1. Which pairs have Cβ atoms under 8 Å, sit 6 or more apart or on different chains, and link a residue in the stretch 107-122 that is assigned to a loop (DSSP other than H, G, I, E, B) to one that is among the β-branched types (Val, Ile, Thr) and surrounded by 15 or more Cβ atoms within 10 Å (Cβ to Cβ)?
2. Among residues belonging to the stretch 467-497 that are of a type in the set (Lys, Arg) and touching a residue at least 12 places away in the same chain (Cβ under 8 Å), point out the one that is most open to solvent (accessible area, probe 1.4 Å).
3. Could you grab me the full set of residues in the stretch 601-622 that are without any contact (Cβ under 8 Å) to a residue 40 or more places away in the chain and open to solvent by 20 Å² or more (accessible area, probe 1.4 Å)?
4. When the stretch 380-393 is examined, which residues are found to be open to solvent by 10 Å² or more (accessible area, probe 1.4 Å), touching a residue at least 24 places away in the same chain (Cβ under 8 Å) and within 23 Å of Ala485 (Cα to Cα)?
5. From Ala718, Ala740, Ala750, which residue is in contact with a Ser or Thr (Cβ under 7 Å, 6 or more places away or on another chain), within 22 Å of Arg595 (Cα to Cα) and at pLDDT 85 or above?
6. Which number in (1) surrounded by fewer than 22 Cβ atoms within 10 Å (Cβ to Cβ); (2) under 14 Å from Ala347 (Cα atoms); (3) in contact with a Gly (Cβ under 7 Å, 6 or more places away or on another chain) marks the one condition that Ala421 misses?
7. Out of all the residues in the stretch 530-577, which are over 47 Å from the mean Cα position of the chain (by Cα), open to solvent by 40 Å² or more (accessible area, probe 1.4 Å) and acidic (Asp, Glu)?
Amino acid sequence: MPPVKVLRVAAALVLLNAGWLALGLVHVWSHPALGWVTLPVGALLAGLACRQVARAPELDVSTRRFWGRMALACVLLTAAIVSNAVDAVGGATLSQRVGPVTVTLYLLMLALVLWALFRLPSWERSRSDWARFGLDALMVMITVAALTWHFLLRNHQEWNAQTGSAGALISIVVVTFLSVATFTKVAFAGAGRLDRRAIRILAAGAAIASTFGSLSPLLVSRPYLSTSLIAVPIASLTIHLAAVRQLRAGNRPPARRRRSRRVSLVPYLAVAITDALLLATSTTDGNETFVMELTAVTLTVVVVIRQILALRDNNRLLGTVDAQLTHLKGYQNELEYQATHDSLTAAANRALLERHVQRLLAEREPFHLMLLDVDDFKTVNDRLGHGVGDALLTLVTNRLTDAVDYRGLVARLGGDEFAIAVPAVAAPGNAIEHLLDDVVAAVREPVELAGHTLVTGTSVGIATSRSDDTASELLRRADVAMYSAKGAGGNGWRWFDPAMDQAADETARLSADLRTALADGQIFALFHPITDLETETPIGAEVLMRWQHPERGLVPPDVFIPLAERNGSIVELGYWVLEFAARQAADWQGRFGDRAPAKVSVNVSARQLAEPDFVDRVEAILRETGVDTSGLVLEVTETAVLTTDVAIAQLHRLKDLGLRVALDDFGTGHSSLSLLLDSPVDVLKVDKSFVSGTSANGAGAIITKNLVGFVNDFGIEAVAEGVETQAQAATLRRVGYRLAQGHLYGRPMAAEDFERLFTAHLGASERGPGQGEGERRAVAGGAGRGEVAAVGAGQLAGDRQAEAAAAGGAGT
């Protein structure tokens with residue numbers, strides 16, 4: 001039968017028993033045993049409902065176990081009802097007596113219910129919790145016993161004489177109310193997935209049933225009736241109702257109860273009730289007064305003990321809270337420190353610097369803001385590893401902190417970039433410039449790290465705050481000044497100047513124009529001859545990019561190439577010049593055959609080398625143009641190899657395509673002879689600073705002399721750059737150089753000019769020595785003007801400085 005229908009039957013039994021009891025008040029039942037017949041039925045129906053819940057598979061284990069124990073309690077209740085009926089109507093005379101067997105069964109049933117409650121998850125409590133609950137239970141028991149005795153048993157000597165003792169009734173009522181208190185506590189505290197409303201129904205049922213059961217002395221004149229006739233059916237019905245409620249609730253978690261901050265009123269209410277009873281007790285009966293006084297004193301002692309325990313627990317809790325607050329405060333301080341300081345160097349970070357700058361701006365007192373970074377730090381990181389790089393950053397931070405000392409705040413903004421904020425009053429007049437010198441000198445000091453001696457520089461930009469400044473604007477000005485210092489060669493400092501903004505704006509506009517220059521046809525290529533020193537015959541050329549701006553004219557490569565590197569357009573420009581050179585080389589190979597130029601060199605940037613698909617695109621260009629790869633040389637700078645993690649692997653892949661590799665500008669960067677061993681280098685281009693620079697007759701001459709012998713032993717060709725005089729050429733020939741590049745043999749020129757120069761030499765060699773010399777020199781001399789002619793008649797003609805800038809630097 002469905003639970004709802006069974007519940008209706010149980011409710012009908014309650015109504016039937018209530019009617020029997022009500023009619024019995026005005027009518028004497030001749031067969032009082034009939035009133036007891038329905039009681040076991042209701043208890044068994046409740047037990048069956050509890051068993052059904054205990055076997056519900058969707059419920060968790062602890063919930064099913066609780067309802068299984070409630071089913072056993074209903075079995076004990078049924079047995080107690082039968083025993084109670086025998087006590088009432090089974091003797092020679094009708095009686096309100098509750099025998100020892102009945103009392104035992106009722107108490108066992110209540111004990112089983114209490115045990116089921118105590119086995120719930122919410123009762124996994126500490127000793128202190130159990131002590132408080134025990135004292136609360138003792139208060140409830142004393143108070144309920146006092147109330148029951150005072151209002152129901154004290155003046156019912158006839159009922160006491162009939163039943164033999166009031167102890168049985170008091171014990172049942174007291175334990176029942178103890179169950180009520182436990183039910184209530186569980187309902188409020190919660191116990192796993194046990195439904196709280198089901199527990200409240202059980203608590204209400206126990207309270208109502210116990211209340212009705214305690215009214216037994218009022219029926220002393222009607223021994224054929226018993227308050228059990230209504231108390232037991234109500235208990236059975238509420239158990240049934242609670243079971244049905246649990247089935248409907250299923251296994252869903254109970255709603256979270258709001259935590260109550262109210263103080264428990266149980267101790268105070270218990271004392272108040274007992275004191276009221278004491279005052280209401282007749283003073284003529286000394287024994288009765290003594291009993292009530294003893295009860296009040298006992299209850300007061302229990303309450304005091306309960307409150308002492310609560311105060312002790314509160315103190316312990318407060319101590320725990322204080323300790324947690326202290327720990328939390330320390331944790332907050334740690335989080336605040338981590339949020340405002342750099343994890344590597346322990347210096348202030350960007351967030352703290354911005355907060356500090358905002359505070360200084362709010363105080364409206366002038367201060368200086370320096371922005372600096374470590375020169376060539378990426379090279380240190382890439383060559384020696386991030387561990388050495390981190391150690392260097394930590395060392396730089398310590399040196400900056402020592403140099404600035406108490407005068408300002410040192411912050412690391414990220415990477416190798418630092419900032420220093422110094423109030424003007426801390427460095428008045430020239431003191432700030434002395435501080436700048438100290439900062440640069442401190443960073444410049446050599447340091448030993450991981451077996452390497454490092455000498456690093458720093459570029460510093462400095463700006464002074466204005467009355468209407470913002471933190472971002474001040475940082476921007478310092479940043480502009482820092483890049484100005486870096487552009488001046490680094491290892492120094494620069495004050496911000498408004499002209500820097502103009503230069504920065506100019507650079508930004510030029511950078512934007514460069515992005516569209518290739519599509520607009522403003523980029524073109526020139527060929528710089530590579531000459532055999534013995535025969536002074538051009539054997540190849542280096543292909544150089546040039547930019548003819550529609551408004552600015554010819555933009556020097558040392559201006560637009562760095563711009564292209566920064567904005568990324570160098571990648572597409574590099575592919576364009578490679579394809580142009582490959583097509584031209586393929587054309588010459590097709591027309592001249594074996595006598596075609598042996599070397600057509602193209603520069604490759606670090607950005608290109610870092611591209612994952614770089615080699616694939618190069619291969620596609622080679623396949624599309626059909627060029628013989630043995631005549632193509634790709635030139636890379638040593639800096640490009642050192643600053644690109646994948647450079648060595650990329651160069652090996654290029655070699656696999658049949659291309660040759662040249663190392664350009666050797667000697668100007670972080671040169672290492674081991675680089676020649678690690679890289680698949682075919683050609684070494686010695687920088688012009690050693691050939692025609694200020695050191696050409698000193699250390700430069702020694703370097704060029706010894707370097708050529710070293711590379712020749714390794715089968716590497718050496719090309720000397722920047723040859724400008726016959727004396728320089730003679731020196732290079734004497735020490736063993738075979739190839740050279742420089743203005744002595746021609747400036748960068750258009751492809752057709754180079755072809756005329758090349759064929760003139762080619763024809764002269766076929767006609768024999770001394771013939772056609774004038775023709776060759778005429779072509780070479782004309783080629784010196786080829787760069788100007790290639791960009792349009794009249795543009796930059798006669799401007800020797802611009803021409804020199806455009807022609808200089810074969811690696812550009």
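The values are calculated or read from the model by the stated rules, or taken from the named source; none is laboratory data. Nothing here was measured: the structure is a model prediction, and the numbers come from that model. Here Cβ is always computed from backbone atoms with ideal geometry, including for glycine, and neighbour counts include all displayed protein chains. These accessible areas exclude ligands, DNA and RNA; they are computed on the full protein's heavy atoms, side chains included. Shrake-Rupley method; radii C 1.70, N 1.55, O 1.52, S 1.80 Å.
1. Leu120/Val186
2. Residues of the stretch 467-497 that are of a type in the set (Lys, Arg), as a first pass: 476-477, 486, 494.
From what is left, the residues that are touching a residue at least 12 places away in the same chain (Cβ under 8 Å) are 477, 486, 494.
Details: Arg477: 3, Lys486: 69, Arg494: 96 Å².
Ranking the candidates gives Arg494 first.
3. First, pick out the residues of the stretch 601-622 that are without any contact (Cβ under 8 Å) to a residue 40 or more places away in the chain: 604, 608, 610, 612-614, 616, 619-620.
Ala610, Pro612, Asp613, Asp616, Glu619, Ala620 - these are the residues of the stretch 601-622 that are without any contact (Cβ under 8 Å) to a residue 40 or more places away in the chain and open to solvent by 20 Å² or more (accessible area, probe 1.4 Å).
4. Listed by number, the list holds a single entry, Val380.
5. Details: Ala718 fails: in contact with a Ser or Thr (Cβ under 7 Å, 6 or more places away or on another chain); Ala750 fails: in contact with a Ser or Thr (Cβ under 7 Å, 6 or more places away or on another chain).
Only one candidate passes the filter, namely Ala740.
6. (1)
7. Correct list: Glu534, Glu536, Glu551.
This table checks each residue for (1) of a type in the set (Asp, Glu); (2) touching a residue at least 40 places away in the same chain (Cβ under 8 Å); (3) under 18 Å from Ala111 (Cα atoms).
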| site | (1), (2), (3) |
| --- | --- |
| Ala10 | no, yes, no |
| Trp29 | no, yes, no |
| Gly42 | no, yes, no |
| Glu58 | yes, yes, no |
| Arg64 | no, no, no |
| Leu77 | no, yes, yes |
| Ile81 | no, yes, yes |
| Gly91 | no, no, no |
